[in-house]
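To keep things clear, I will list the structure first and then write my remarks on it.
The values are calculated or read from the model by the stated rules, or taken from the named source; none is laboratory data. It should be emphasised that the depicted structure is a prediction, and the values quoted were computed from it without experimental measurement. Ideal geometry is used to build each Cβ from the backbone, glycine not excepted, and the neighbour counts take in all protein chains shown.
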Amino acid sequence: MNFFKTLFLLTALTLLLVFAGGALGGQQGMMTALVFACVMNLGAYWFSDKIVLAMYRAQALSESDAPAVYRIVRELTEKAGMPMPRIFRIPSEAPNAFATGRNPRHAVVAVTEGILRLLEEEELKGVLGHELAHVQHRDILIASVAATIAGAVSMLSSMARWALMFGGGRRSDREGGANPLVLLITAIVAPFAALLIQLAVSRSREFGADEGGAQLAGNPLGLASALRKLDAGSRRTPMVEANPTTAHLFIVNPLRGGGIVKLFSTHPPVEERIERLERLSRSPKLGPH
C-alpha cells in the first residue's frame, strides 16, 4: 500500500511540474521542466551521500571506536540479506540519525554523538533497524526525487511571479504569451501543493521504516522507547546546524517549532509513530523479545 501511495504522490508531483512548465512556456516549457528535473535527479542520485555527509561534518566511525554499533548493524544486515553500509559519526550532541546513499550497495548510516550517549542497546538497535529499512525500501532515492521535483516546481513558480511583475502574461495565448490567470495560479498554488505532496511522501516513508525497522530488530517497543527519548532529547538539545532541505533524512525532525512549523513538519507526530509500534508489538507474529 505504501508503494502505491508513494507512486501516486510522485506522479502528482511530476504532473504539477509539467503544469508549471506549461504555464510558463507551453509545450516547450513542459519538456524543459521535465529535462531539468531529470538532470537534477541524476545529480541527487549520484552525489546525495557526499553532499549530506559534508554538510554535517560527518566522519567515518571505526569499529574499534563503536564496536556495539558495528555489531548491531552487522547482525541486522545479515538478517536482512543486505550489504554492510558505511558508518559515520556526526559531531553533534543532538540525538539523531539518518541513512543516505543511492542504493544498498552504496549506503551510509550516520549517527550523532548524542544518540550514542542517550540510548540503551535495544533502543539503538531499533533506530539502526529503522535506518536500514529506509535503505532497504530505497527511500533515500524516493526522498531525493521528491525534493528535487518540489524544488523545480518552486523555482518555476518564482519565475511565474517575475513574469507577472514584468508583464509576461499580458500578451494573448495566440501571440505566444502565457495566460496571466494560469501564471497567477502557478505562482501561488504550485509551490504550496508541491510542499504538501513532498511532506506526504516523507511521512508515508517514515511509517514504513518504523514498521520495517521494528520487524528487523525484532522488538517494536525498543524503537518506541528510542523515539520517546529522541523526541525529548532533540527538544532539550536541538540540532542548530540542521538544514531544512535535509530534515526529512533524520529519524526525528531536527527542526523544532510549534504552530505552523509543526503543521508542515517532514515527520509524522512521534506520538502516532509510538502508538503504531505499540500496536505492532501486540501482534501475534511479532512481540517484544
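Please find, within segment 262-271, the residue that is modelled with the lowest pLDDT out of those that are exposed (fewer than 14 other Cβ atoms within 10 Å of the Cβ) and in a helix (DSSP H, G or I).
This residue is Leu263.
Considering each residue of segment 78-119, count those that are closer than 23 Å to Val252 by Cβ and not in a loop (DSSP other than H, G, I, E, B), and give that number.
Total meeting the criteria: 21.
Here is a yes/no grid of residues against (1) modelled with pLDDT under 90; (2) of a type outside the set (Gly, Ala, Ser); (3) under 26 Å from Ala54 (Cα atoms); (4) out of contact with any strand residue (DSSP E or B) (no Cβ under 9 Å at 6 or more places or on another chain):
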{"position": "Gln215", "(1), (2), (3), (4)": "no, yes, no, no"}
{"position": "Gly222", "(1), (2), (3), (4)": "no, no, no, yes"}
{"position": "Ser225", "(1), (2), (3), (4)": "no, no, no, yes"}
{"position": "Leu230", "(1), (2), (3), (4)": "no, yes, yes, no"}
{"position": "Thr237", "(1), (2), (3), (4)": "no, yes, yes, yes"}
{"position": "Ile251", "(1), (2), (3), (4)": "no, yes, yes, no"}
{"position": "Gly257", "(1), (2), (3), (4)": "yes, no, yes, yes"}
{"position": "Ile260", "(1), (2), (3), (4)": "yes, yes, no, yes"}
{"position": "Arg279", "(1), (2), (3), (4)": "no, yes, no, yes"}
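Given the condition polar (S, T, N, Q), out of contact with any Leu (no Cβ under 6 Å at 6 or more places or on another chain), touching a residue at least 12 places away in the same chain (Cβ under 8 Å) and surrounded by 16 or more Cβ atoms within 10 Å (Cβ to Cβ), answer yes or no: does some residue in segment 51-60 qualify?
No, segment 51-60 contains no residue that is polar (S, T, N, Q), out of contact with any Leu (no Cβ under 6 Å at 6 or more places or on another chain), touching a residue at least 12 places away in the same chain (Cβ under 8 Å) and surrounded by 16 or more Cβ atoms within 10 Å (Cβ to Cβ).
Looking only at residues in segment 205-255 that are closer than 16 Å to Thr100 by Cα and among the hydroxyl-bearing types (Ser, Thr, Tyr), which one is surrounded by the fewest Cβ atoms within 10 Å (Cβ to Cβ)?
Residue satisfying both the conditions and the ranking: Thr245.
So which residues in segment 61-77 are loosely packed, with under 13 Cβ neighbours inside 10 Å and among the basic types (Lys, Arg), if there are any at all?
Arg74
State which residue is farthest from Arg235 (Cα to Cα) when the search covers only segment 78-137 and only residues that are of a type in the set (D, E, K, R), in contact with a Leu (Cβ under 8 Å, 6 or more places away or on another chain) and buried (at least 17 other Cβ atoms within 10 Å of the Cβ).
Residue satisfying both the conditions and the ranking: Arg102.
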